[in-house]
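Here the structure comes first, spelled out in structure tokens, and everything after it is commentary.
No value in this document is a laboratory result; all are computed from the given coordinates. Values in this document were obtained by computation on a predicted structure and should not be read as measured data. Because the Cβ atoms are built from the backbone with ideal geometry, glycine has one as well, and the counts that use them run over all protein chains shown.
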């Protein structure tokens, strides 16, 4: 099949974007202070436990990346190769050289990973099993014992961190293609800092960041590889009675990774006659710049009635997202979920949106996101909107989220004039 020059140029643009997004630097500059803290009187921090004060952050990570050196070598390093076993670890992140950033300091400090320590290594998958009567599957006793032991170790690590915060909640972030381990950790670290360091942050970092001409396709299949591990980890978190709520944010291709794992868990819960809303405890699912075919997701997500399994679902879209435009050409799809606008929805799709009481579509029309307009979630206005949702639970029009302009039922517009639009 011949590829015309327009499609070729778009695909080249997409590949160039992913090259820019990839990398393994342990240092970078912090994102701008969210407008929530520069345009209002809201304080960045409430009372923090002494262990959470200062300019160092401990970020838990869950990964199925293959370690790049022996366990005895420090610091721990992970690349883009796949590991059959998942791991839980902690990365120590330093903000600047002094105290944590204040609301009055407008200079973005540097973020740096000082150390990485793997704490728990789970058994390799797929687990060895036996088939019993009526097709019942039983994991080999030795594997089952190892699994319970590692789960207990992981549970203790999470409980230590839950004890430091009044919010018994987990904030799990899933990145997209072209993202190395370090950037995955640093992205969550800065966002958790602006969350007021509430709850327990966990970076779920899968084997992305491959090199070479076909790295997007390699990363994409690694996203399929990781679904089993993400599913197991979410099941583990949801099974901890000490965790009251789970908030999941995902960006770009990571949205499909997260949605696929959740879809399978929801089907599993319903097959057992259970309510997935209670079983999974997912309060918020945020999909930003979703690199997913909109029609496919309409069939797989809406078709399985996934919406009621979550407290709220928030989709951020940007019609000017050039990375997703290139992906649309690459796969010859009609629409990517992360670029949808109200005018592109069919009447049937609009009806589904109207009926979804816990769904909000936020259409971004600002100037952030870099040249490719794909990273706009770091824009001070968009990061503020996410913080108002996650930290305070405000729906559009509530609290300080009054600057959103309603375009349709459950569809809102956000732009650079967000705070000017506030009618207080």
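Apply the a/c threshold of 1.5 to the C-alpha gyration tensor of the range 137-252 and tell me whether it is rounded, prolate or oblate.
oblate
How many percent of Cα pairs in the range 251-294 exceed 17 Å?
Of all Cα-Cα distances in the range 251-294, 37 percent exceed 17 Å.
With a point put 7 Å past each Cα toward its Cβ, work out how far residue 82 is from residue 331 in nm, to one decimal.
Result for the modelled spin labels: 1.8 nm.
Sort 345, 88 so that the residue with the fewest other Cβ atoms within 10 Å of its own Cβ comes first and the one with the most comes last.
Neighbour counts put them in this order, fewest first: 345, 88.
Under the 0.36 nm per residue contour assumption, what length would be gained going from the current alpha-carbon distance of residue 347 and residue 134 to full extension?
72.1 nm
How large is the translational diffusion coefficient of the range 326-366 in µm² per second when you combine the Kirkwood radius over alpha carbon pairs with Stokes-Einstein at 4 °C and 1.567 mPa s?
111 µm²/s
Distance in nm between label sites at residue 153 and residue 40, each 7 Å beyond Cα in the beta-carbon direction?
Modelled inter-label distance: 4.2 nm.
Bin width 20 Å, alpha-carbon pairs only: give the P(r) of the chain as whole percents, running from 0 to the bin holding the largest distance.
26, 60, 14, 0
Under Stokes-Einstein, with the Kirkwood radius over Cα pairs standing in for Rh, what whole-number D in µm²/s applies to the range 126-174 at 37 °C and 0.692 mPa s?
Estimated diffusion coefficient is 242 µm²/s.
With N denoting the number of residues in the range 238-366, provide Rg(C-alpha) divided by 2.2 N^0.38 Å, to two decimal places.
Output field value: 1.07.
Over the chain, what is the mean sequence separation of C-alpha contacts under 8 Å (at least six apart), divided by residue count, expressed as relative contact order in percent?
For the chain, the relative contact order is 15 percent.
Let me make sure I get this right: for the range 345-392, a, b and c are the square roots of the gyration tensor eigenvalues over alpha carbons, sorted descending. Under 1.5 in a/c it's rounded, otherwise prolate if a/b > b/c, else oblate. Which is it?
oblate
Give me 175, 335 sorted ascending by neighbouring Cβ count inside 10 Å, so fewest comes first.
So the ranking, lowest neighbour count to highest, is 335, 175.
Where the Cα atoms of the range 294-407 are projected onto their three principal axes, how long is each span, largest first, in whole Å?
40, 36, 22
Cut-off is 10 Å between beta-carbons; in what order do 195, 298, 388 appear when sorted fewest neighbours first?
298, 195, 388
Considering only DSSP beta bridges where both residues belong to the chain, give the percentage that are antiparallel (nearest 5).
45 percent
Please compute the Kirkwood hydrodynamic radius of the range 226-274 from all pairs of different C-alpha atoms, in Å with one decimal.
11.5 Å
With N residues in the range 215-299, what two-decimal value do you get for its Cα radius of gyration over 2.2 N^0.38 Å?
1.12
Summing -39500 (n - 2.57) over the DSSP H runs of n ≥ 4 in the chain and dividing by its residue number, what mean residue ellipticity at 222 nm do you reach, to the nearest 500 deg cm²/dmol?
Counting only the DSSP helices, I get -10000 deg cm²/dmol.
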